[in-house]
1. Apply the a/c threshold of 1.5 to the C-alpha gyration tensor of the stretch 135-189 and tell me whether it is rounded, prolate or oblate.
2. Stick to the Cα atoms of the chain, pair each with every other, and give me the Kirkwood hydrodynamic radius in Å at one decimal.
3. Could you please state, rounded to a whole Å, how far the C-alpha centre of the stretch 98-172 is from the C-alpha centre of the stretch 16-30?
4. Please state the relative contact order of the chain as a whole percent: Cα pairs under 8 Å, 6+ residues apart?
5. Please give the net charge around Arg163, taking every other residue with its beta carbon less than 12 angstrom from that of Arg163, where Lys and Arg add +1 and Asp and Glu add -1.
6. Per residue, how many Å² of accessible area does the chain show with a 1.4 Å probe?
7. Please work out whether the stretch 79-171 counts as rounded, prolate or oblate from its C-alpha gyration tensor, where a ≥ b ≥ c are the square roots of the eigenvalues and a/c under 1.5 means rounded, while otherwise a/b larger than b/c means prolate and anything else oblate?
8. Using a 1.4 Å probe on the protein chains only, how many percent of the accessible area of the chain belongs to carbon and sulfur?
Amino acid sequence: MSTFSHLDDRLGEFTLRPLDADADAPLLHRWVTHPKAAFWLMGDADVAGVAEAYRTIAAHPHHAAYLGSWRGRPAFLAERYDPARVELVGLYDPEPGDVGMHFLCAPTDTPAHGFTHAVLTTIMAWLFADPATRRVVVEPDVRNTAVHALNAAVGFTVVGEIRKPEKDALLSVCTRERFRKAIEGDQRA
């Protein structure tokens, strides 16, 4: 049963549901240890380690993970967190209504044009479906230029670089209004 559903005009239905750390661990292990997921920082994890990491997230009152599907098949991972309490504590000035987000698309040998953009749009629509969400905050690795471009395409603006224990990150934020304008101006025809 899905928690959220979004229809992309070109690629069809995307859904999100709460992650089941134990049942989904074998699938997630394949995703997070794939070379294309290097920025996820779990390349050496085993299945038990992946399950433990997501049980820890599930037990945290300010962090949650969701499995995303496309056309009924698991295809991406999303995390939602309170950046004032997780990930960014002391690294930026939080505002009321800030929601942190991570996402990872499953590796594939047959990429669909526009898929990652549709995933990010789905996740942003899901986060902004909560009326309490005023801004989405992200902190991708500074070297992850592909995700910086995607973030800009959906309305994120760069705040600046921050140093986290595991990486140098590019702190960026997106308001509901900037997301709406970016999506309305989307000319991917």
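1. Working: a/c = 3.80, a/b = 1.86, b/c = 2.04.
It is oblate, given that a/c is not under 1.5 and a/b is not larger than b/c.
2. Details: mean 1/r = 0.0592 Å⁻¹.
About 16.9 Å, per the Kirkwood formula over Cα pairs.
3. Value for the Cα centre distance between the two parts: 20 Å.
4. On the way: 289 pairs, mean separation 29.5, N = 189.
Here the relative contact order equals 16 percent.
5. Values: positive: Lys164, Lys167; negative: Glu139, Asp141, Glu161, Glu166, Asp168.
Within the 12 Å Cβ shell, the charges total -3.
6. Details: 9830 Å² over 189 residues.
For the chain, the solvent-accessible area averages 52 Å² per residue.
7. Working: a/c = 1.99, a/b = 1.30, b/c = 1.53.
It comes out oblate by the Cα gyration axes.
8. Numbers: 5320 of 9830 Å².
Heavy-atom surface of the chain belonging to carbon and sulfur, 1.4 Å probe: 54 percent.
The values are calculated or read from the model by the stated rules, or taken from the named source; none is laboratory data. None of these values were measured; they are calculated from a predicted model. Neighbour counts run over all protein chains shown; Cβ positions are idealised from the backbone, glycine included. Just the protein is used for accessible areas: all its heavy atoms, side chains included, with ligands, DNA and RNA removed. Shrake-Rupley method; radii C 1.70, N 1.55, O 1.52, S 1.80 Å.
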